[in-house]
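No lab work stands behind these numbers, since they all come straight from the coordinates. All values derive from a computational prediction rather than experimental measurement.
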Amino acid sequence: MLLIASHPDSILAFRGALISAMFDKGIDVHVAAPDLDAESIVCDTLKGMKVTAHKIPMDRHGVSPTADLALLWHLTKLMRRIQPDVLLNYTAKPIIHGSLAGRLADVRKKFALGRWMANYDRTSPFHGGNGGSNPPVDAIFKKPALRGLFCGQVARIRLYAAQIVLQ
């Protein structure tokens, strides 16, 4: 399994339990993120968990097409080398570039999880907690086909994670 994140500190904070559960089930886990230096605390912790860490050339806030193509090429090459059965991307750039690279590298199971996908709830603090609006998210969820696609994706991720934990 390959997990792609846009910030190394979020890996353990938000996906640490899932990574541990996968390792406990005998799944070979790889994690890719920018700024995942060999001497970092996150990298040391991942190594202690028997997770293979990969540093990727991602500028989380950049908008350079050249840098984005380089990232896509790097991720495709990484996936072809490690040949993951499952790809889990979270946050915007990993979802976009990781999903495309997964398609190019013929990864069978590809999952995307964005905060807005998992928390589309008008009472959620991500929407102001008071029924507030998020125009980009609202535009996506007004289309029934897109709403089904993204909500189904979240359900499949949760089901897959639950199967790993319960097996």
Check: If you wrap a convex hull around the C-alpha atoms of region 1-109 and split its volume per residue, what is the figure in Å³?
Finding: 89
Next item on the list: Would you mind checking which residues have amide H under 5 Å from residue 86's amide H? H placed 1.01 Å from N; only 5 or more apart, or other chain.
Entry: 2
Checklist line | Phi to ³J(HN,Hα) by Karplus 6.51 cos²θ - 1.76 cosθ + 1.60 over region 9-26, Hz, x for Gly, Pro | finding: 5, 6, 4, 6, 5, 10, 10, x, 5, 5, 4, 4, 5, 5, 4, 4, 8, x
Notebook entry, point to check: Check residue 54: other-chain or 5+ apart residues with amide H under 5 Å from its amide H, H built from backbone geometry?
Noted result: 31, 32, 33
Item checked: Average Cα contact separation per residue, region 1-90, under 8 Å, 6 or more apart, as relative contact order % -> 36
